[in-house]
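Below you'll find the structure, written out as structure tokens, and then a few comments.
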Amino acid sequence: MTTWLKRKCLVGLIVLFVMPAWAQVFDLSADFSLAKNPNGAWEYGFSATNSLASDQFQLDQKSVMIGPIGFWHPTQGDVPGPGYYPYIAYNSTTDTQVGSKGWAISAGEIAMEASNSGQYSLVRFVAPRAGNYSVNVKFIGIHYGLSTTDVHVLKNGSTVFDADIDGYGGDPAFHKVEGSSSRAEYSGQMPLKANDRLTFAVGYGKNKTNFGDTTGLSVRIVLLNETKSAK
């Protein structure tokens, strides 16, 4: 058995023994759908303006396949223009795929890009029940032009995590890893009430343009134990 495989098996065993048998897992990649929005606990959308206020969230309406990559768009997804940005993309294949304008999206990865007017690309998780949740989030610059974006995790509109992406941190077989901050990660535990919302956002960054900004996202949320909602 190779060292890599031994490590993978060990990690799997650790997760198996540490995680309660009944724990419910919500994985953005594994759960992703191009057929439904909302999709279970997940919602795919964008901000109506350049604000992250909760009331600005809008559901994407149009899904399309462009080659092996699927997309959610506000209203249309044929060619860039009104209703195309912000978008959310998904690679359902088992290999890294290349987006048309020079970005590499890994197997099972989600990719996001804001609009050039500052609207955010948003993924939202709606807690199905009250409980204590673990939340693990990773943002990765995946554009060859070096993504320059602002990324966020919010709980019911309040900031939990903010960072800036500046660089490429994706599959090194397609472009060298470079930049001052090609990745940003958040990990923590938090109590959520039923219907509380966690929002994962990608904006157009400090340079205020979405050119070359495609940013990868992975999210894994685990309901560790249920609690009674406060009345």
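The values are calculated or read from the model by the stated rules, or taken from the named source; none is laboratory data. None of these values were measured; they are calculated from a predicted model. Cβ placement follows ideal geometry from the backbone for every residue including glycine, while neighbour counts extend to all protein chains displayed. Side chains included, ligands, DNA and RNA excluded: accessible areas come from the protein's heavy atoms. Shrake-Rupley method; radii C 1.70, N 1.55, O 1.52, S 1.80 Å.
Key figures
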item: Qualifying position, being farther than 24 Å from Lys101 by Cα and among the small types (Gly, Ala, Ser), among Gly157, Gly145, Gly141, Gly169; result: Gly157
item: Tally, over the range 36-75, of residues that are outside any strand (DSSP E or B), open to solvent by less than 40 Å² (accessible area, probe 1.4 Å) and in contact with a Pro (Cβ under 9 Å, 6 or more places away or on another chain); result: 3
item: Residue satisfying condition, being surrounded by 14 or more Cβ atoms within 10 Å (Cβ to Cβ), in contact with a helix residue (DSSP H, G or I) (Cβ under 7 Å, 6 or more places away or on another chain), among the small types (Gly, Ala, Ser) and in contact (Cβ under 8 Å) with a residue 60 or more places away in the chain, within set Ser147, Ser134, Ser218; result: Ser218
item: Matching residues in the range 98-123 - criterion: being in contact with a Leu (Cβ under 7 Å, 6 or more places away or on another chain) and under 15 Å from Trp42 (Cβ atoms); result: Ile110, Met112, Val123
item: Lone qualifier among Asn225, Asn136, Asn207 - being within 12 Å of the chain's Cα centre (by Cα) and farther than 21 Å from Phe71 by Cα; result: Asn136
item: Residue within the range 112-128 that is over 19 Å from His73 (Cβ atoms), assigned to a strand (DSSP E or B) and modelled with pLDDT of 95 or more present; result: yes
item: Test for Ser33: is it farther than 20 Å from Ser117 by Cα, out of contact with any Asp or Glu (no Cβ under 7 Å at 6 or more places or on another chain) and surrounded by 15 or more Cβ atoms within 10 Å (Cβ to Cβ); result: yes
